[in-house]
Structures are given as C-alpha cells and as structure tokens.
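Read through the structure below, which is laid out as structure tokens, and then see the notes.
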Amino acid sequence: MFDIEKIRSDFPILGQQIYGKPLVYLDNAATTQKPQCVIGAISHYYELDNANVHRGVHALSERATAAYEGARKIIAGFFNARSPREVIFTRGTTEAINLVASSWGGANIKAGDEILITHMEHHSNIVPWQMLCERTGAVLKVAPINAAGELVIEGFDALLSERTKLVGVVHMSNALGTINPIASIIGKAHAVGAKVLVDGAQAAAHLAVDLQALDVDFYVTSAHKMYGPTGTGVLIGKEEILASMPPYQGGGDMIRIVTFEKSEYNDLPYKFEAGTPHIAGVIGFGKAIEYIQGVGFEAIAAREKELLAYATAKAENFEGLRLIGTAAEKACVLSFVLNSVHPHDLGTIVDREGVAIRAGHHCAMPVMQFFKVPATARASFSMYNTEAEVDALFAALKKAQDIFA
Ligand code: 7TS
C-alpha cells in the first residue's frame with residue numbers, strides 16, 4: 001500500500017529546511033520534485049553512456065539510443081498509444097501545442113474555419129491558436145465556464161459546429177483544478193468532424209490516461225510536472241494524422257535523403273524530431289513514468305483525493321478565504337484569495353514559514369478576468385504531500401492574515 005515515508009524519502013529535496021523551517025513544497029502544478037531514481041538515471045547517462053543518438057556506430061551511441069528509444073516505448077505503454085511511432089518528443093507541452101498549431105494547423109486550417117477552446121485554458125493552449133487564426137483568417141471560439149470553474153457543456157455544444165476544425169481543451173486546469181469531461185468532448189467533436197487536442201500538462205501525473213480508449217487525436221504533456229526533468233515533453237498523436245502532417249522544423253535526424261533540389265523526410269516519429277534531442281531528459285522522463293507506475297494511479301489518486309478533501313475543508317472554514325475553483329470534478333489544486341492580503345504578499349509571507357506556493361495569474365489570465373481577481377494564491381499538491389504540510393500552510397496563512405489585520 002501507500003507508504004508516505006518511503007515516498008517522501010525517494011525525493012531528496014524534500015528533506016531540507018527553508019529559513020530554518022521544514023520545506024513544505026506546495027507548488028507542484030508549476031513543477032514537481034524529482035525522485036532519486038530520475039536524478040540517478042540522468043547522472044548515469046552522463047557518467048557512462050553519453051553519446052548522440054541514432055548516428056554513431058560505437059557502443060556508447062548504441063547504449064544512448066537504446067535508452068532514448070526505450071523511454072519512448074515506456075511512454076507509449078503508459079499512455080496506451082497504438083505504437084511508439086505516435087510518441088514525438090518535444091521540449092514540453094508548449095512546444096507540442098505549437099507543433100500541432102503550426103504543422104497540422106498550417107496544412108488544414110483556412111479562413112472561416114473555427115478553433116474551439118475553453119475559457120479555462122493555459123496561455124499555451126490559447127496563444128498558438130490565436131497566432132494560427134491571425135495567419136489564416138480562422139476564428140477562435142471560447143466555450144464558457146461557470147462560477148464553480150466548470151466548463152458549461154451547453155455553451156460548448158452551442159459553439160461546436162461543422163465549422164469547428166479543432167477543439168483544444170485542457171484535461172485538468174492548472175488555475176482551478178477542474179477536470180474536464182474529455183471523453184464526451186472528444187466524442188462530440190468527432191461527430192462534427194473536428195480534431196481534438198487535449199492539454200494534459202496537469203492531468204498526466206494524477207489521472208490514468210488511455211489514449212486508445214479516449215480516441216483523442218493529439219495529447220500533450222510535460223515531463224517536469226510528472227516527476228521528470230524540465231525541457232522534455234511529448235506530443236502523442238494518431239499515426240495517420242501525424243503521417244499526413246508536414247515537418248515542424250527542418251534539420252538533422254528528420255530527413256532520409258537531402259539534395260539541394262529536394263529532401264525526403266524521415267518516418268515517424270523522427271520526422272518531428274529535428275536536431276539532437278534532449279537525450280538525458282527523455283531518459284529521465286522514462287524513469288519518472290516507471291516511478292509513477294511503481295506507485296500506481298490507484299494509490300496516487302486515493303492519496304491525493306484525501307489530501308485535497310482535507311485542505312478544502314480547512315479552506316472552507318478559514319475566515320476571509322475565497323476559493324477560486326470549486327468544480328465537482330477537480331484534483332490537487334487549491335486556488336484562493338484572502339481578503340485584505342494580496343496573493344503576492346501572501347506568497348512571500350508563507351515562504352518565510354518554509355511553505356512554497358504560487359501567486360499570480362498562473363498563465364491563465366482569462367480565468368482571472370472571469371473571477372474578477374488580479375491573481376490567486378495557489379497551493380498544488382502531489383502524492384508526497386501530507387496533512388501536516390496542509391496544516392503548516394494554513395498556520396502560515398493565519399500569520400499573514402494577522403500581519404495585515
Ligand atoms: N498547460 C497547462 C494546463 C499547464 O498547467 C502548463 C504549465 C502548460 C500547459 C505549459 O507547460 P510547459 O511545461 O510547456 O510550460 N503550468 C504552469 C503552472 O501552473 N505554473 O507554472 C507552469
């Protein structure tokens with residue numbers, strides 16, 4: 001079963017003190033901490049296997065390639081992709097969305113077409129589509145949310161039509177914690193002939209994702225929010241769609257034959273991986289996935305649910321605190337404002353107590369505009385957090401409130 005002490009001991013960073021207080025790390029939606037096995041896999045690669053992939057005939061290059069391609073297989077299995085050819089490594093979620101907007105969008109979107117997103121998207125699932133619309137004359141439509149921070153399904157349905165060519169939707173909101181009903185959204189989008197991109201940046205560390213069951217066209221996420229390293233992420237797409245798309249970037253590894261007259265592109269997934277990839281990052285990503293698999297989503301989800309319920313109850317009883325995001329289906333995120341204390345002041349004061357939270361617009365300015373707040377404070381939880389840490393957060397919030405009273 002779930003052994004919290006064992007889990008915590010896997011993460012070396014958690015043992016430290018900040019300003020003489022035990023570190024309470026509650027900024028997991030920004031990035032999670034890394035277990036020793038991930039740090040070790042990255043060190044191992046640099047200490048023993050470092051070489052470029054796919055090109056050398058020597059032993060190190062073969063080892064590096066085997067580890068890199070091994071990670072691709074692990075990730076394909078984790079998300080239940082049809083094949084590792086559907087797994088494209090990117091710098092992260094942001095680059096994966098830009099890849100789709102640029103390559104698929106450039107080839108398939110024309111003036112008058114519509115891209116439908118939601119009001120709760122992260123900027124990285126808004127701006128690339130805006131840029132595409134500016135280039136092509138397509139129109140960006142935004143499905144509404146309600147006061148709980150949930151997608152208004154009737155509003156979404158009303159905007160979905162034969163003109164919709166792509167639906168971009170966040171699986172789990174980073175600013176609100178809301179989990180969207182992506183299976184039904186995908187079904188409805190496909191019924192009008194639209195493709196669907198799901199932004200799984202937040203969801204992938206907390207929920208089991210079965211891409212074949214979902215039948216999603218594009219799923220994107222970042223390793224660093226899943227206990228893996230920064231600078232690595234994936235676009236997982238349906239093979240037939242990826243195969244029909246033009247390359248995103250040109251360069252080494254993405255070609256088969258180059259002449260000055262014309263170049264012939266490589267097969268999937270290499271067609272979309274121009275240049276030397278983040279080899280160490282991908283190897284670390286694979287190890288992080290194995291770590292999650294070792295703990296198991298059942299245990300993770302049960303643990304995180306308990307923690308969120310505990311924190312939510314405390315928040316509801318905290319005088320002057322307004323929760324932003326109270327969806328029936330939500331996970332791991334407690335976004336809030338405290339009357340009389342600006343979120344940034346709050347963040348700074350609780351930091352002095354060793355508590356790391358985030359304050360700001362969380363790259364979701366439209367969410368802030370909807371709730372008419374300039375910013376929120378956000379505590380975001382992970383499997384290694386404890387009830388005692390939630391208590392430390394609320395004790396620190398009380399201190400901040402007293403200072404400003
Ligand atoms: N989509 C969502 C839902 C996110 O939460 C984030 C990052 C991104 C996309 C972009 O991911 P990246 O890895 O490419 O940067 N969210 C946050 C956050 O909530 N605080 O810092 C980054």
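The values are calculated or read from the model by the stated rules, or taken from the named source; none is laboratory data. Quick caveat: nothing in here was measured; it's all calculated off a predicted structure. Because the Cβ atoms are built from the backbone with ideal geometry, glycine has one as well, and the counts that use them run over all protein chains shown. Side chains are part of the model used for accessible areas, which takes the heavy atoms of the whole protein and leaves out ligands, DNA and RNA. Shrake-Rupley method; radii C 1.70, N 1.55, O 1.52, S 1.80 Å.
The slack between LEU48 and LYS305, meaning 0.36 nm per residue of separation minus the straight C-alpha distance, is 88.5 nm.
In the context of the full set of protein chains, residues of the range 353-405 present 36 Å² of accessible surface per residue (probe radius 1.4 Å, heavy atoms only). Simple point charges give the picture: +1 on the Cβ of Lys and Arg, -1 on the Cβ of Asp and Glu, and for the chain a dipole about the Cα centre of about 440 debye. Rounded to the nearest 0.05, the FRET efficiency derived from the C-beta distance between ASN339 and ALA183 at R0 = 51 Å is 0.85.
Of the peptides 87-100, 13-26, the order by per-residue mean of other Cβ atoms within 10 Å, starting with the highest, comes out as 87-100, 13-26. The calculated FRET efficiency for the pair GLU264 and LYS21, based on their C-beta separation and a Förster distance of 60 Å, comes to about 0.50. Return the carbon/sulfur percentage of the accessible area of the chain, one whole number, probe 1.4 Å, all protein chains in place. Whole-percent figure for carbon plus sulfur exposure: 56.
Each Lys and Arg adds +1 at its Cβ and each Asp and Glu adds -1 at its Cβ; summed about the Cα centre, the range 106-225 shows a dipole of about 260 debye.
Averaging the sequence gap over all C-alpha pairs within less than 8 Å and six or more residues apart, then dividing by the number of residues, gives the chain a relative contact order of 22 percent.
Annotation: lysines with alpha-carbon distance below 29 angstrom to LYS21 (same-chain offsets under eight excluded): LYS6, LYS34, LYS225, LYS305, LYS314, LYS398, LYS399. Can you spot the lysines whose alpha carbon is less than 20 Å from LYS141's alpha carbon? Ignore those fewer than 8 places along the same chain. Filter leaves LYS110, LYS165, LYS188, LYS195. LEU48 sits with roughly 100 Å² accessible to a 1.4 Å probe, with DNA, RNA and ligands left out of the calculation. Once both labels are positioned 7 Å from their Cα atoms along Cα-to-Cβ, the gap between ARG135 and LYS110 label points is 1.7 nm. Rolling a 1.4 Å probe over the heavy atoms of the protein chains gives the range 12-107 an accessible area of 43 Å² per residue.
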